[in-house]
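All remarks here apply to the structure that follows.
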Amino acid sequence: MSNEDLHEPRERLADETVTTHQAIVSLMEELQAIDTYRQRADDCDDAQLKAVLVRSMNDEMEHAAMLVEWLRRNVGEFATQLDKFLKCEGSIA
Ligand SMILES: [Fe+2]
């Protein structure tokens with residue numbers, strides 16, 4: 001992992017902070033990939049390629065979900081917030 005992704009000097013960060021950073025950056029990359037594949041699929045005129053792009057988008061959603069689960073298991077406040085909002089009924093706000 002490159003240190004330029006970090007906002008503070010590596011030597012001042014706890015190992016847990018760096019590991020969580022890796023998960024968060026990975027989740028951001030998966031979400032960006034979902035957005036990219038979705039837009040590319042929308043713009044694609046070839047039906048078979050569109051289907052491949054949609055499948056790729058769905059694969060990225062699986063990866064993102066796994067990372068959210070990692071965060072839930074390893075970052076206490078994430079677990080608290082996910083318990084509060086996932087599958088809740090009514091207004092999210
Ligand atoms: Fe992925």
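Odds and ends about this structure:
- Close pairs (7 angstrom Cβ cut-off, 6 or more residues apart or separate chains): free of Cβ contacts under 8 Å to residues at least 40 places away in the same chain in region 59-71, within 11 Å of the ligand (Cβ to nearest atom) and aliphatic (A, V, I, L, M) anywhere: 60/33; 60/34; 61/34; 64/27; 64/31; 64/34
- Selection count where residues are surrounded by 12 or more Cβ atoms within 10 Å (Cβ to Cβ) and of a type in the set (S, T, N, Q), scope region 59-83: 2
- Considered as a group, the residues in region 70-88 that are in a loop (DSSP other than H, G, I, E, B) and at pLDDT below 95 include one that is farthest from the ligand (Cβ to nearest atom), and that residue is 88.
- Unique residue being under 27 Å from residue 22 (Cβ atoms) and of a type in the set (Gly, Ala, Ser) when the list is 93, 47, 79, 51: 79
- Number of positions in region 1-38 that are more than 16 Å from the ligand (Cβ to nearest atom) and part of a helix (DSSP H, G or I): 13
- In region 44-69, residue nearest to the ligand (Cβ to nearest atom) [restricted to those that are over 22 Å from residue 81 (Cβ atoms), in a helix (DSSP H, G or I) and among the charged types (D, E, K, R)]: 60
The values are calculated or read from the model by the stated rules, or taken from the named source; none is laboratory data. Keep in mind the model is a prediction, meaning the values are calculated, not measured. Backbone-built Cβ (ideal geometry, glycine too); neighbour counts: all protein chains shown.
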